[in-house]
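Worksheet for the structure shown next.
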Amino acid sequence: MTQPTDSVPALLTLLKIEREQLLAQFAAIPVENRALPNGAGGWSAAQIVEHVARVEGNVARMIAKGATLPHTATSDEQQAGLLTATRIRWVRDRTNKVEAPERVRPAEGLSPDEALAQLHASRAAVLEAFTAADPAVLDGILFPHPFIGPLTLRAWVELVAHHDARHAEQMSELRRA
């Protein structure tokens, strides 16, 4: 899916589908290999899951913070903060190599089960924040993404799904390696 969603039900479905794919890729990695980094110095499956959970947790916190901020974005800024097909392709394309900011990098020593627990908790937090948020907050508050620029909070929630897809592919690569 490389087109932005156009409704809340479509967005919730996208979040569900992409998370299921991420979890399926994780489950396809043998239990004894889930904490092993790839041979090229990359992250293990558990570290990938922890990273995804950290990003998603940050999005839940942004939504909560957004509810306390004044709505100062202009309509042009709001329009520029939408998740476009180009931005979606960029996020999902694993040939676009990026280094995660320190705040969302995985920690050392987290077990696969602990990483999964964080992932489930972060999804619950983002869904709770998203469904409780005022649409004016979701569409009127922008936060910067370190690589693709300012995004509305609604765009950030959709980005979570595409981020899942990116890292499901990374786990598929890890499994094949």
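The values are calculated or read from the model by the stated rules, or taken from the named source; none is laboratory data. If you're wondering where the values come from, they're calculated on a predicted model, not measured in any experiment. Cβ coordinates were reconstructed from backbone atoms using ideal geometry, including for glycine residues, and neighbour counts include every protein chain displayed.
Listed by first and then second residue, the pairs with beta-carbon distance under 9 Å, at least 6 apart or on different chains, first residue in region 12-36 and more than 18 Å from Ser122 (Cβ to Cβ) and in contact (Cβ under 8 Å) with a residue 24 or more places away in the chain, second basic (Lys, Arg) and surrounded by 14 or more Cβ atoms within 10 Å (Cβ to Cβ), are Ala28/Arg175; Ile29/Arg175.
Could you tell me whether Asp76 is at negative phi, charged (D, E, K, R) and surrounded by 13 or more Cβ atoms within 10 Å (Cβ to Cβ)? Taking the combined requirement at face value, the residue does not satisfy it. Going by what's in this entry, would Val104 be described as modelled with pLDDT of 95 or more, touching a helix residue (DSSP H, G or I) at 6+ places or on another chain (Cβ under 8 Å), of a type in the set (Val, Ile, Thr) and closer than 14 Å to Gly57 by Cα? No; evaluated as a whole, the condition is false for this residue. Among the residues making up region 42-52, those that are part of a helix (DSSP H, G or I) and touching a Pro at 6+ places or on another chain (Cβ under 9 Å) are Ala45, Ala46, Gln47, Ile48, Val49, Glu50, His51.
Residues in region 64-97 that are more than 24 Å from Asp164 (Cβ to Cβ), free of Cβ contacts under 8 Å to residues at least 24 places away in the same chain and in a loop (DSSP other than H, G, I, E, B) were compared, and the one that is nearest to the chain's Cα centre (by Cα) is Thr68.
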